[in-house]
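Structure record follows, encoded as C-alpha cells.
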Amino acid sequence: MSDLFDTIVSLCKQRGFIFQSSEIYGGQAATYDYGPLGVELKRNVKDLWWQEMVYGHGDVVGLDAAIMMHPKTWEASGHTEAFNDPLIDDKASNHRYRADELIEDHIRDLRQDGDMEQAEAVYERLVAALNSDDMAGNLYDIIQDEEIRAPRSGAFDWTPVRQFNLMFETHVGPVAETGDRIFLRPETAQGIFVNFQNVREPARQHVPFGIAQIGKAFRNEIVARQFVFRMREFEQMEMQYFVKPGEQLDFFAEWREKRMAWHKRLGVRPSKLRFHEHEQLSHYADAAEDIQYEYPIGWKEVEGIHSRTDYDLKRHQEYSGKNMTYYDPFEQEKYIPYVVETSVGLDRTVLMLLCDAYDEDEANGNERTVLRFHPEVAPIRAAIFPLSKKKGLPDIAHDIEADLRPHFNVMYDERGSMGKRYRRMDEAGTPFCITVDFDTLDDQQVTVRDRDSMEQDRVAIDQLTAYINDHSTG
Ligand code: ATP
C-alpha cells in the first residue's frame, strides 16, 4: 500500500474518524467503526446525497427496506446462483487472490514495460473469459499461459480457480438445522425492486420515477484489504429509476452526468474523477459505467451507473407470481418498466473525501496536516476559542457556541495554546475557527480564521451564522 494511504489510515485512527472494529480483541477483519469525526462526515455525505436525489427530484421518493429479506429474493435476483468471485490460492504462501485481479495487475505491468501488444492481447482474453460460461477455467488458463506468479511468494504453484459465493447466510427460528436459511442482503437494490408496487401507488408516482435508499449491505469479501474501500459490512446509497422500455439509454446518459456533478459538488478535484466503461456487462445490462476516483491505491470504482433493463422486475414477477407491470394511464399501455440505477458506496465516498482533502503545508513556519474538506461535509463546521480564561472570555465563547449549535455542528475548546488548538482543528478539517479576544469586550466582534488561507476576518458576533453560511458554499 502507498505511504500516503498508510498516513491517512493512521490519521483516521488517531483523530477518531475510523478504526478497526472490535480492536481490543485483535480486530475483526474488513469491518470498521466510525468514531465521532467519522460519523459526522458520513452523516453529511448521506444528507447531501438524500438532498440531491430525493428532495432535489419531485419524481424520486425514499424507502428503508429490511436487511433480511425472503430467501426467494436472492433466487430471483440471481445472487444465489451467480454472485461469485473467482478465487485462486498460491500453494506456497497459502495466500488467496482474485483471479481476475491478478490478470489485471499483470496487464498493468505489461503496459508499464511498454509491451502494449501483449497487454492488449491478454486484455482481450480477460474480457472473453469474464463473459464466458467457463469463467473459472478460462481465467486459470490465462494465469498458466502468462506464467503469472504470486505477488507475495513469487511462486508459480496455483490451485485451480474456484467460484466463491459472497453472501453471508444465517438461520431464522430457534433451531439452526430446521430454521429457514436466509441471507444478509449483498445490495440494497432488491429491497426497492420487490417494493415497486408498494411504493409507486401510495406515492402517486408515474413512470418515469425513482426510489432511493441508503442502507447496509454485506459481502463475504475474500480479498478484503484496503481499509474501508473493501469491507464485509458497508453502506450503499442507491436509486432505481423506472422508465419506459426504449427510453433507458437517454435516462442512463442523464443520470451519469448528474452523478458525476454531485461528486464534484462535494469538492472533489475534477482531475481525480473519471468515467470507466465496464469490461464485462452483466447479461441483463445494456449499459454500465463506473465513476472512478484516483485513490492513493490507484483508480478505483466509487459508484456504478447501470441500465438493468426489465430483468429484476421480470424475475420477481416470475418468482413471486405477483404482477410487476405498470399501466400507463396517459398512453394507455401496459409494460414492465426498465431500470436505470445509480449505486454509490458511502464508505468509498468517505474514503475519497478523506484522500482528496488530505494535505500537508506550513503554518507560521511549522509543518501542519490539514484536511481541506468542503465546509458542508466537514465533521465540525466551526470551533470557538476564548483567547484567555480571564475577563469572562469563556462565557462569551460559550454564548456564541449556543447560538451556533442549532445551525451547525460546532465545538468549544479552551485548552492549550492557540497554535495547538488550530492544529487540532486543521487535522479535523474544521473550516472556521472563531476566537474571542479582549477586543471583543469592546467591539462585540470576533476573529474568524479560514482553514485553507489562514487569513483572518473580524466579524460581528450577531453576523456569525450568516458569515459561516456565506463562506460555506461554492
Ligand atoms: P467491486 O468491483 O469494487 O467489488 P462492485 O462492482 O461489486 O464493486 P457494486 O455491486 O456495483 O460494486 O456496488 C455498488 C457500490 O457499492 C460500489 O460502487 C462501491 O462503492 C460499493 N461497494 C461494493 N462492494 C463494497 C465493499 N466490499 N466495501 C465497500 N463498498 C463497496
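The values are calculated or read from the model by the stated rules, or taken from the named source; none is laboratory data. For clarity, every value in this text was computed on a predicted model and none was experimentally measured. For neighbour counting, all protein chains shown are included, and Cβ atoms are generated from backbone atoms with ideal geometry for every residue, glycine included.
Considering every residue within the range 282-297, establish whether at least one is at pLDDT 95 or above, within 26 Å of R185 (Cβ to Cβ) and polar (S, T, N, Q). Yes: one or more hits.
Determine whether V350 is within 15 Å of the ligand (Cβ to nearest atom), surrounded by 15 or more Cβ atoms within 10 Å (Cβ to Cβ) and under 29 Å from P71 (Cα atoms). For V350, the condition - within 15 Å of the ligand (Cβ to nearest atom), surrounded by 15 or more Cβ atoms within 10 Å (Cβ to Cβ) and under 29 Å from P71 (Cα atoms) - is not met. Of all residues in the range 387-408, one or more are at negative phi, among the charged types (D, E, K, R), within 32 Å of the chain's Cα centre (by Cα) and not in a helix (DSSP H, G or I). The set of residues from the range 452-468 being part of a helix (DSSP H, G or I) and without any contact (Cβ under 8 Å) to a residue 60 or more places away in the chain comprises D462, Q463, A466, Y467. Selection of the range 9-42 for residues being touching a residue at least 24 places away in the same chain (Cβ under 8 Å), within 16 Å of the ligand (Cβ to nearest atom) and either of a type in the set (D, E, K, R) or in a helix (DSSP H, G or I) (or both) yields V9, C12, G38, L41, K42. Could we say that Y326 is farther than 20 Å from Q205 by Cα, surrounded by 18 or more Cβ atoms within 10 Å (Cβ to Cβ), hydroxyl-bearing (S, T, Y) and away from the ligand (no atom under 14 Å from the Cβ) here? When the stated conditions are applied, Y326 does not pass them.
In this structure, R415 does not satisfy being free of Cβ contacts under 8 Å to residues at least 40 places away in the same chain and in a helix (DSSP H, G or I). Quick check on my filter: what residues within the range 287-308 are closer than 27 Å to G246 by Cα and either more than 11 Å from the ligand (Cβ to nearest atom) or charged (D, E, K, R) (or both)? A287, E289, D290, E303, S307, R308, listed by residue number. Residues of the range 226-275 that are among the basic types (K, R), more than 16 Å from the ligand (Cβ to nearest atom) and not in a helix (DSSP H, G or I): K244, R269. Beta carbons closer than 9 Å, at least 6 apart along the sequence or on distinct chains, pair a first residue in the range 75-96 that is under 17 Å from L130 (Cα atoms) with a second that is surrounded by fewer than 15 Cβ atoms within 10 Å (Cβ to Cβ) and acidic (D, E) for E81/E75. In the range 196-225, the qualifying residues are those that are in a loop (DSSP other than H, G, I, E, B) and within 8 Å of the ligand (Cβ to nearest atom), and the one that is nearest to L63 (Cα to Cα) is R219. Only one of the listed residues (Q240, Q226, Q248) is crowded, with 16+ Cβ neighbours inside 10 Å, under 21 Å from D100 (Cα atoms) and outside the structural domain of D105 (by TED's automatic domain parsing). That residue is Q226. So, E318, is that one within 13 Å of the ligand (Cβ to nearest atom) and either at pLDDT 95 or above or among the small types (G, A, S) (or both) or not? Judged against the criteria, E318 is not a match.
Residues of the range 158-195 that are within 16 Å of the ligand (Cβ to nearest atom), within 30 Å of K91 (Cα to Cα) and modelled with pLDDT of 90 or more: M167, F168, P186. Does the range 25-49 hold any residues that are at pLDDT below 95 and of a type in the set (A, V, I, L, M, F, W, C), and which are they? A29, A30, listed by residue number.
Taken over the range 295-318, the criterion of being surrounded by fewer than 17 Cβ atoms within 10 Å (Cβ to Cβ) and touching a Ser or Thr at 6+ places or on another chain (Cβ under 8 Å) is satisfied by P296, I297.
Candidates are the residues of the range 329-344 that are touching a Lys or Arg at 6+ places or on another chain (Cβ under 8 Å) and under 22 Å from T188 (Cα atoms); the one that is farthest from the ligand (Cβ to nearest atom) is I336. Which of the residues that make up the range 29-57 are surrounded by 14 or more Cβ atoms within 10 Å (Cβ to Cβ) and among the hydroxyl-bearing types (S, T, Y)? The answer is T31, Y32, Y34.
Within the range 129-165, which residues are aliphatic (A, V, I, L, M) and surrounded by fewer than 17 Cβ atoms within 10 Å (Cβ to Cβ)? Across the range 129-165, the qualifying residue is only A155.
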